[in-house]
Amino acid sequence: MQKQKSIVLVTVDCLRADHVGFMGYERPTTPFLDSLAAESFVIPTAIVAGVPTYYSFPALLASRYPLALGRDVLGLGPDEPTVASVLKTAGYATASFGAANPYISSRFGYEHGFDTFRDFLEDEAAPLTDEKANAANNMGWASRLNRTLQKIRPALGPLGMAYDELYFEYCQRVTPVADSLDALRRFPAADVIVDHARAWLASIGDAPFFLWLHLMDPHSPYYPKEAALALMGQSPVTPYRARYLNSWWNRSDLGPRRFARHRDEVVALYDAGIRWVDAQMARLAETLRVSQRWEDCIFAFTADHGEEFLDHGGRYHPPSRLMEELIHVPLLLRVPGSEKRDVVNSPFSMLHLAPTLLDAVQLPVPADFQGRSYWEQLQQGESFDGVAISECVAGCTNPFRPENRIGPRVLSVRESRYKLVLHLDPPAENLYDLEADPRELEPLAPAAQKPVRRRLLEIALEHLRRSSEQRDSRTRLQVRLRELRLEWKNPAVKASPVAS
């Protein structure tokens, strides 16, 4: 009897596809994963179903579009089938270790299907504070002067910009700084998460298992391990300089041209975070090799969304646009016993990942899944059917406040060549030719490619119709009741500061 294959799923926050070596990046961010790519399926156009984290993971784990239960609903339903719940029912040992991202915590139903679920939120560092405000509050006369100047700031004209710059530099110099990058880091580093995963693997014997790790090393604020900078061949970065760069990047008073002054240094910190993830993947794989489970284990490596570095004038990953730097993620699948084949460059929606993984271990796919398995197409080197749809609610940067979730929808429909981005309020549509304009800098004229535009609009309208007509009312009610119980228990929780 053939041994049941186990599954390791690694998701990395904020990891864009064009910053890993096996997708063509020139910097050495992923040497270990690049070596795995030679024996793995590398999906060149993996597209997330939503941005950021809270709009991405319903598709990744439950094969459901993020807004299918309504814009006001976040997370997974208590009884909603997921890849974890299916595997647990099939007799798998299941565990999740996540680096303190509150949007994939038990509060939002992500513990469902796991025997062991550790989200590390009890270890979360204090919320990031406004260094400018803290410095001002502790400076006596400087604080009073600053409040006076802020009142007359609009009338200062160009002198106001000079004042902002001087005050920023002053606050950086007077605010105490930690003595190491580790002390500045907001989230547990990948080595901490992998250490817990290795301990759990040692405890389960020979049972087939499903292990999900979510890593935050490339997430802002960008404070990589010092060892990661050395692995990248970069000079050490002092805690003062790292904090300065993160504070600069987080300013609200600058435009893209001024942000660009330090962009490369910020990206170098981001890349070092990716390199640390890669080093820990090597440690995890070695643990599985030593225990003789690596060849019985499917290894899936991907991301929940990307990150913007002024590609379209923005930073981070706000739910306001669905450009390629945010929705295109790496996806590597190593499946022992399966012959590696080149994968065609057609879009693969992450809605299909969970059913594909279940099919690869020969388990039935739940009828409730909105995606389908493409395991056969991967094995045959065939193209994927259809398009990849991504969606989010514009401006919903803190969904802990339910009132922030009821904004206008943003929707993208992506084929291999063309991509349509729709903003529903105010209404706007942009059609891109990704072959001629891969960076999405020039949307096509409204009169151009009318048949393509009409086809993609029809797909978008059909998606919206199904989202409304096929809504799972029972699951929606369960999630809403869970949130109401939480609010009654702790009215202040909806204002919690979070990451995405």
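The values are calculated or read from the model by the stated rules, or taken from the named source; none is laboratory data. It should be emphasised that the depicted structure is a prediction, and the values quoted were computed from it without experimental measurement. Here Cβ is always computed from backbone atoms with ideal geometry, including for glycine, and neighbour counts include all displayed protein chains. Side chains are part of the model used for accessible areas, which takes the heavy atoms of the whole protein and leaves out ligands, DNA and RNA. Shrake-Rupley method; radii C 1.70, N 1.55, O 1.52, S 1.80 Å.
Relative contact order for the chain using alpha-carbon pairs under 8 Å, separation at least 6, rounded to a whole percent? Before the final figure, lay out the partial values.
Details: 921 pairs, mean separation 129.3, N = 500.
With pairs under 8 Å counted, the relative contact order is 26 percent.
Taking 0.36 nm per residue of sequence separation and removing the Cα-Cα distance, the E429/H312 pair yields an extension gain of 40.5 nm. Dipole magnitude for the chain: about 1320 debye, using +1 per Lys or Arg Cβ and -1 per Asp or Glu Cβ, origin at the Cα centre.
For the range 1-81, trypsin sites (Lys or Arg not before Pro) are listed when DSSP marks them as loop and at most 13 other Cβ atoms sit within 10 Å of their Cβ; the list is K3.
With an 8 Å cut-off on Cα pairs and a minimum separation of 6 or more residues, tell me the relative contact order of the range 293-387 in percent.
Values: 109 pairs, mean separation 24.5, N = 95.
Across the range 293-387, relative contact order equals 26 percent.
Rounded to the nearest 10 degrees, the inclination of helix 473-489 to the longest alpha-carbon principal axis of the chain is 40 degrees.
When only Cα pairs below 8 angstrom with a gap of at least 6 residues are kept, the range 208-302 shows a relative contact order of 37 percent. Computed over protein heavy atoms with a 1.4 Å probe, the accessible surface of the chain works out to 42 Å² per residue. Take the Cα of Q380, go 7 Å toward its beta carbon, and none of the backbone nitrogen atoms of the range 334-363 fall under 12 Å from that spot.
Rg then Dmax, both in Å and based on the Cα atoms of the range 370-442: 16.1, 47. Here the range 424-491 and the range 75-105 have alpha carbon centers that stand 25 Å from each other.
Which residue, chosen from S473, A59, Y270, occupies the Cα position most advanced towards the positive end of the dipole of the chain, where the dipole is computed from +1 (Lys, Arg) and -1 (Asp, Glu) charges on Cβ about the Cα centre? Projecting each Cα onto the dipole axis, the largest value belongs to S473. Taking every DSSP bridge with both residues inside the chain, close to 55 percent are antiparallel.
Backbone phi angles across the range 265-281, fed through the Karplus curve with coefficients 6.51, -1.76 and 1.60 (θ = phi - 60°), yield HN-Hα couplings of 5, 5, 4, 5, 5, 4, 4, 5, x, 5, 4, 5, 4, 4, 4, 6, 5 Hz in residue order; Gly and Pro are listed as x.
For the pair R173 and S35, label points projected 7 Å from Cα toward Cβ lie 4.8 nm apart.
Pairwise Cα distances in the range 147-268 exceed 19 Å for 62 percent of all pairs.
Here the Kirkwood formula, the inverse mean of 1/r across different C-alpha pairs, assigns the range 294-450 a hydrodynamic radius of 17.7 Å.
Across the options V48, P347, P102, the greatest Cα extent toward the positive end of the charge dipole of the chain (unit charges at beta carbon of Lys, Arg, Asp, Glu) belongs to P102. Cross-link partners of K88 among aspartates and glutamates, defined as those whose alpha carbon lies under 20 angstrom from its own and excluding same-chain residues fewer than eight positions apart: D79, E80, E111, D115, D119, D206, D296, D359, D368.
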